[in-house]
Structures are given as C-alpha cells and as structure tokens.
C-alpha cells in the first residue's frame, strides 16, 4: 500500500513537471509569435516612411465616415456606427477630457479598423484625413496622417493633430468658436487604404493617378 502511494506521488510529480514544461513551451510560442508580429510592424512602419501615399484632394477616398456627434456639452467619450470600407469594418471614437494644467476639455478623434478580428496576422496600411466642420466652412480644421494597424495596434487609433494641436483641440468644444451647432459637432474622416494583408479585402483601383506599384518582395 505504501509503495502504491509513493508511486502515485511520483506519477503526480511527473505529471506536474510535464504540465509545467508544456506551459513553458506554449508561453515561448506565444512570445515568439508576438516578436514576429512586432518585427512585421517595425518593417511596415519603415516601408511607410519610405513610400508614403499622399492624401490628395483630387483623388477619391476609398471611403468616408461622417458622424454628427450629439450632446457635446456632456460628452466624455463616444463611438460611431460601423462603416464598411474596402470590405473591412471601420469606426470612429471621440473623447473629451480635461488635461492638466488646462481647465478646458480637449477633443480627440480616433479611427479604428477591424477591431473585432482575433487573427494575429492581418495588417492595414492607410492614410486618413480628419475634418472638424465649422459653421463657417473657411474655419473648418483638418489633419492628415499615415498609420499602420494590426492585431496589436488597432485600438489606439489615429489622433486628430495639427500644428497648433492643443489649442485647436480645446477650441472645438468652445461654444464661441463655431464648431458646435445645437450641441452637435460634425466630424468627417476620409480613408485611403493602401494595403490590407492577412485577410480578404476589396481594393479600389485609381486609374487616373500614378502610383508606385512595385512589389515589396525582392526579385
């Protein structure tokens, strides 16, 4: 009886050791996968710096997200409905926060793509133009940016920026600046998708413009 008990204990120890080894192997696999994704992000960002697709007014965007934000006076955070662009779900988020040392709220717009995907292999390279409409069209403000979204970086979004970013982002919620009309602010975002990898998407071909269409692969 004693021998059986000892053997059972040894078996338990062996099973426990095996489980720990398997857990370590799984953890190493996860870390390796994460490192590979981070390497791809770094490479993609480097390529974006070298080959930037300009956001030009004469080029039609792949999609436009228009959003009339209600109850701006009470706004803290909100998100738009989902809009499909190139067969992929996109949405906007806004926040209105007081950031020290300022006492006025700062208005920030974010773009998000493919947020619900659980695949670690997809990646989207795109340009965007964020426009905040003013009652006087000449006073509307806009900002352009280029970003890469993927499994790790798809929830941070693209902040609305400008040369005088802090002052402008605070002035948007100032009722005397003309951005608020009946407690509403109108936001418009133009999306120019450059590439989607790791998933099926619907590209738009622009034959009236000249683009560098060389493959990223070395032949």
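None of the figures in this text is laboratory data; all of them are computed from the coordinates on show. Here the structure is a predicted model, which means the values were calculated and not measured. No Cβ is skipped: glycine too gets one built from the backbone with ideal geometry, and neighbour counts run over all protein chains shown.
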Residues 22, 144 arranged by fewest to most Cβ contacts within 10 Å:
22, 144
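If I take every Cα pair under 8 Å that is 6 or more residues apart in the stretch 63-197, average their sequence separation and divide by the length, what percent do I get for the relative contact order?
33
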If I model a spin label at residue 176 and residue 152 as a point 7 Å from the Cα along the Cα→Cβ vector, what separation in nanometres do I get?
4.6
Where does each of 193, 72 land when they are ranked from fewest to most other beta-carbon atoms within 10 angstrom?
72, 193
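Could you please rank 149, 192, placing first whichever residue has the fewest other Cβ atoms within 10 Å of its Cβ?
Fewest-to-most ranking of 149, 192: 192, 149.
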Simple spin-label estimate for residue 167/residue 27, 7 Å along Cα→Cβ, in nm, reads 5.2
